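Okay, structure first, notes after.
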Amino acid sequence: GMNAAVRAVTRMGIYVGAKVFLIYEGYEGLVEGGDNIKQANWLSVSNIIQLGGTVIGSARCKAFTTRAGRLRAARNLVEHGITNLCVIGGDGSLTGADIFRSEWAGLLEELVRDGQISEEVARKNCHLNIVGLVGSIDNDFCGTDMTIGTDSALHRIMEVVDAITTTAQSHQRTFVLEVMGRHCGYLALVSGLASGADWLFIPESPPEDGWEDLMCERLGETRSRGSRLNIIIIAEGAIDRSGKPITSNYVKDLVVQRLGFDTRVTVLGHVQRGGTPSAFDRVLSSKMGMEAVMALLEATPDTPACVVSHSGNQSVRLPLMECVQVTKDVQKAMDEKRFEEAIQLRGRSFENNWNIYKLLAHQKPAQEKSPFSMAILNVGAPAAGMNAAVRSAVRIGICQGHTIYVVNDGFEGLAKGQVREVGWHDVAGWLGRGGSMLGTKRTLPKTCMEKIVENVRKFNIQGLLVIGGFEAYEGVLQLVEARGQYEELCIVMCVIPATISNNVPGTDFSLGSDTAVNAAMESCDRIKQSASGTKRRVFIVETMGGYCGYLSTVTGIAVGADAAYVYEDPFTIHDLKANVEHLTDKMKTDIQRGLVLRNEKCHEHYTTEFLYNLYSSEGKGIFDCRINVLGHLQQGGAPTPFDRNYGTKLGVKAVLWMSEKLQQVYSKGRVFANSGDTACVIGLRKKVVAFSPVTELKKVTDFEHRLPQEQWWLNLRLMLKMLANYQISLTEYISGQMEHVTRRTLSIEKGF
């Protein structure tokens, strides 16, 4: 993801009229100067967004830790007129930048004294502004939901876990997987949650004394119930309660000696740092990079160094050293064995992940059998993450003492009575499976309402969890509106949005949309590679999504597309003409290829075929065109770590909410739920999981086009256009992109 950040900072800086310099080899290049500091142009960062690592290099530098080294660095910056520095790195790199900034005035004075610069030059460069972007696979920096590179590292881990699972099942083996993270257990925790690992070691929560006996007992129980494999995930910094390291080889030897299981160790190592960045990392880095430039533009001599963080789906600025201090406080709490406090300091998300993992990893008998029964079904098109949500909902429901049914083939299956009770182990191994294990159909309840009511009565269903897309939301709305006619429908209902289109009201993200974006992105990466080889070629790629342009827009940002046409952002023949002219100009540069995305229902008349004919005709003699319709490959594949984790969390939270509602509406031995707040859509809104009544969401829904009336991601459209070299004004970008920050007019005669 670092390259996406470099690209965004460079292009945003050039866009606002600044000179942009790339410093190669990190602080070492800053100290050495010379060819390590080069002015960049727009094309300097073309075709790098899909590359792993960083094209400008990175290096640890002992010289920069000394004042003499920082003096040389200051001299090199002044030589180029650079007074604004964007640093992408971990907390050590960012702390070094803050020290450099605090010493800046003294360093310039020393350079003047030594006769290396004049007083006039010193006056001209009297202030150094710093902004940091956190690049670390460990996700150990406090103040941001995710650091650049974490999601890509999770992708690498889950690819390995999925591959190992198949061989472990074949040979009935136990695998001990060691993942990176230094003293932070985030990678181990999320990969454990996303893979359903049997046991997990993280440094923030060492196991209780005697854990060896308990772990072996649980692994033995799992095998005795018919499981053919065990997965144990261990963070490289794992320790016991006394602070002694727990190694992967120690755990392996323990399992072999006590249980006699065929056991293997896999240490993932630096494979986690490499590979193609995920879509999430590319978009995250692009957003952060653009915000970093705005932070530098607005900085004054009194502005403290800031770090651009990710909160919900927005980029925010936080004081750099405050975040560094909280990060250090976590390590201090761990050193002093205040482990519960360390988990809390890691943040609410980390704590929630840990609590949910402990709930779902091993079956715990319910304290008492509840009088309630719930049914779970999938509705609409298949989406990755559906099975993860079903698994967690089933298991947490069983923990609550409920009777849990699953329904095959959606509302149609409910009407036909395809209902069966399930147990804890019936959903084992579902986490990493794509599609829908229950089967799913688009049938809506209004076509078979009488039969649905009959089976709700027959199976005494008091809670209905519907996991699916727009049809799931619309179907539950139909059931709620039929409550007046059928008392059996006065039950608690919840919708978990799961669709690649991301078009369900009440949530910013639907299950499956992250997997779909990654699938489309990987295809577009290959298409771009093909276009680079043949030269002077433009590919027009059609994505799914119905009328919703989320998939096209986010994929467009992730692959650096030249344009992405969507229904929500109306376009005319004049816009198409401007895009053709842009591509014509582009063919005169070294980057002789183009990529245009089109959402399948973006325009009634400007079809994919029309765009192909228009581009082919207007570009004749300059470039040729090809069409790619991505189709249903966007619905398939194994779920991404995000969708596995998100589905798991939503399943748990939905059932806990339903349990609470059932208690509230239970009276005299029966459930009677007829208020609007007993049928909701669960969704993530910014940083908060919210429950929105379907009757309220109906007021803000465009049913003709199956869309929410307001969609947060439309703000990303301006970023897509700007990074593709579109001519939009800076004022338009600021007003459209950053509602949460008050801007002021700025002069932009600065160097970056």
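The values are calculated or read from the model by the stated rules, or taken from the named source; none is laboratory data. As the structure is a prediction and not an experimental result, all values here were calculated from the model. Cβ sites come from the backbone with ideal geometry, for glycine too, and all protein chains shown count toward neighbours. Calculation scope for accessible area: heavy atoms of the full protein, side chains included, ligands and nucleic acids excluded. Shrake-Rupley method; radii C 1.70, N 1.55, O 1.52, S 1.80 Å.
Some points to look at:
- Gly81, sole failed condition from (1) at pLDDT 95 or above; (2) not in a helix (DSSP H, G or I): (1)
- Test: Val655 is among the β-branched types (Val, Ile, Thr) and open to solvent by less than 10 Å² (accessible area, probe 1.4 Å): yes
- Test: residue in the stretch 627-639 that is open to solvent by 10 Å² or more (accessible area, probe 1.4 Å), β-branched (Val, Ile, Thr) and touching a residue at least 60 places away in the same chain (Cβ under 8 Å): yes
- Pick from the stretch 1-38, criterion without any contact (Cβ under 8 Å) to a residue 40 or more places away in the chain and not in a helix (DSSP H, G or I), ranking: most open to solvent (accessible area, probe 1.4 Å): Lys38
- Filter result (within 17 Å of the chain's Cα centre (by Cα) and either buried (at least 21 other Cβ atoms within 10 Å of the Cβ) or of a type in the set (Gly, Ala, Ser) (or both)) within the stretch 156-191: Arg156, Ile157, Met158, Tyr186, Leu187, Ala188, Leu189, Val190, Ser191
Yes or no, residue by residue, for (1) open to solvent by less than 20 Å² (accessible area, probe 1.4 Å); (2) more than 21 Å from Lys332 (Cα to Cα); (3) in contact with a strand residue (DSSP E or B) (Cβ under 9 Å, 6 or more places away or on another chain):
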residue	(1), (2), (3)
Asn84	yes, yes, yes
Ile88	no, yes, yes
Asp91	no, no, yes
Thr95	no, no, no
Arg101	no, yes, yes
Val112	no, yes, no
Phe141	yes, no, yes
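- The set of residues from the stretch 256-286 being more than 19 Å from Val179 (Cα to Cα), surrounded by 15 or more Cβ atoms within 10 Å (Cβ to Cβ) and touching a helix residue (DSSP H, G or I) at 6+ places or on another chain (Cβ under 7 Å) comprises Arg258, Leu259, Phe261, Ala279, Phe280, Asp281, Arg282, Val283, Ser285, Ser286.
- Scanning the stretch 48-74 for residues that are open to solvent by 60 Å² or more (accessible area, probe 1.4 Å) and over 30 Å from Cys184 (Cα atoms) returns Arg67, Ala68, Arg72.
- Residue tally, condition assigned to a loop (DSSP other than H, G, I, E, B) and either in contact with a Cys (Cβ under 7 Å, 6 or more places away or on another chain) or of a type outside the set (Gly, Ala, Ser) (or both), over the stretch 364-384: 9
- When the stretch 299-327 is filtered for residues that are part of a helix (DSSP H, G or I) and open to solvent by less than 30 Å² (accessible area, probe 1.4 Å), the ones remaining, listed by number, are Leu320, Cys323, Val324, Thr327.
- Sole exception among (1) at pLDDT 90 or above; (2) in contact with a Pro (Cβ under 9 Å, 6 or more places away or on another chain) for Asp114, by number: (2)
- Test: Glu208 is assigned to a helix (DSSP H, G or I) and on the phi < 0 side of the Ramachandran plot: no
So that you can scan it fast, the table gives a plain yes or no per residue for (1) in a loop (DSSP other than H, G, I, E, B); (2) out of contact with any strand residue (DSSP E or B) (no Cβ under 7 Å at 6 or more places or on another chain); (3) under 30 Å from Thr54 (Cα atoms):
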| position | (1), (2), (3) |
| --- | --- |
| Met215 | no, no, no |
| Thr222 | no, no, no |
| Gly226 | yes, yes, no |
| Leu254 | no, yes, no |
| Gln257 | no, yes, no |
| Phe261 | yes, no, no |
| Val265 | no, no, no |
| His270 | no, yes, yes |
| Pro277 | yes, yes, yes |
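- Check on Val419, buried (at least 22 other Cβ atoms within 10 Å of the Cβ), in the same structural domain as Val492 (by the TED database), farther than 23 Å from Tyr666 by Cα and of a type in the set (A, V, I, L, M, F, W, C): no
- Odd one out for Glu236, checked against (1) touching a Lys or Arg at 6+ places or on another chain (Cβ under 9 Å); (2) more than 19 Å from Thr165 (Cα to Cα); (3) open to solvent by less than 40 Å² (accessible area, probe 1.4 Å): (3)
- When restricted to residues that are of a type in the set (Lys, Arg) and surrounded by 23 or more Cβ atoms within 10 Å (Cβ to Cβ), the stretch 369-393 contains 1.
- Of all residues in the stretch 524-545, those that are modelled with pLDDT of 95 or more and open to solvent by 10 Å² or more (accessible area, probe 1.4 Å) total 2.
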